[in-house]
Amino acid sequence: MQDDDQLKYGPLTASCAHVCVDMQRLFHEDTDWHTPWMERVLPNVVRLVEAHPERTVFTRFIPAGRPGEGRGTWRRYYERWESMTVERLGPEMVELIPDLARFVPPAEVVDKHVYGPWDETDLHARLQRRGIDTLVISGGETDVCVLATIMGAIDRGYRVVVGHDALCSSSDETHDASLSLYHRRFGVQIEAVSVQLILDQWR
């Protein structure tokens, strides 16, 4: 991972926004999708949000309402994970972790029913209206929804800066492999650096 005293492609400016991926109660609390590292990275995520709450967009993953719902393989997915449907969890569990929910507003929220936030929401249009060309990305999981968010951002031409110490996964092995992937295969399009370097370079 790059972690020098400068970002590879220069400092972050007013054309940068922060997309914080799925830092929600259903992943933070004692559920079948509990992500143990979320508590560990939460302070760094809070630091990023605190720096620019008005430039932060939180995504929230909204599971199917009940077992048997969903299109195509998502239907099978929620048969496997029926405990994680909104009916079983309770609607309050899709909310952001309270430490982050307090920043809304001015931070914004985008809800999605799939891993990536691009196809079924107006996120890209929102960012384009604000002249955003660079995204700082944090949240979870590194190898699932974060990965989908990053790949969609790359496809749309955004500069992507990942706070590697503000990401989490329920799998250490695939978290590490994903960070290696970001660095080795997408090194021109992804800058994976520390939260401290991002804060130092965001003007």
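The values are calculated or read from the model by the stated rules, or taken from the named source; none is laboratory data. Every value quoted in this text rests on a predicted model; they were computed, and no experiment measured them. Heads up, the Cβs are rebuilt from the backbone with ideal geometry, glycines too, and the neighbour counts pull from every protein chain shown. Quick note on the areas: whole protein, heavy atoms, side chains included, nothing else; ligands and nucleic acids left out. Shrake-Rupley method; radii C 1.70, N 1.55, O 1.52, S 1.80 Å.
Among residues of segment 81-93 that are within 8 Å of residue 63 (Cβ to Cβ), those with a Cβ under 8 angstrom from a residue that is open to solvent by less than 40 Å² (accessible area, probe 1.4 Å) and part of a helix (DSSP H, G or I), sequence gap 6+ or separate chain, pair up as 84/26; 84/78; 85/78; 86/93; 86/94; 89/26. Annotation: residue 67 fulfils all but one of (1) of a type outside the set (Val, Ile, Thr); (2) modelled with pLDDT under 95; (3) touching a Leu at 6+ places or on another chain (Cβ under 9 Å); the unmet one is (3). Scan segment 111-129 for residues that are among the basic types (Lys, Arg) and either under 20 Å from residue 195 (Cβ atoms) or surrounded by 14 or more Cβ atoms within 10 Å (Cβ to Cβ) (or both) and report the count. Here the count works out to 2.
So if I check each of 118, 81, 74, which one is touching an Asp or Glu at 6+ places or on another chain (Cβ under 9 Å) and within 23 Å of residue 155 (Cβ to Cβ)?
Unique residue meeting the criteria: 118.
The single residue among 173, 191 that is of a type in the set (Asp, Glu) and open to solvent by less than 10 Å² (accessible area, probe 1.4 Å) turns out to be 191.
Within segment 142-201, can you find the residues that are outside any helix (DSSP H, G or I), of a type in the set (A, V, I, L, M) and farther than 24 Å from residue 51 by Cβ? Before the answer, list the steps.
So in segment 142-201, the residues outside any helix (DSSP H, G or I) come out as 142-144, 156-171, 186-194.
Next, from what is left, pick out any that are of a type in the set (A, V, I, L, M): 144, 160-162, 166-167, 188, 190, 192-193.
If the condition is that a residue be outside any helix (DSSP H, G or I), of a type in the set (A, V, I, L, M) and farther than 24 Å from residue 51 by Cβ, then 144, 188 are the ones that fit.
The residue that is nearest to residue 170 (Cα to Cα), among those in segment 8-40 that are open to solvent by less than 10 Å² (accessible area, probe 1.4 Å) and of a type in the set (A, V, I, L, M), is 38.
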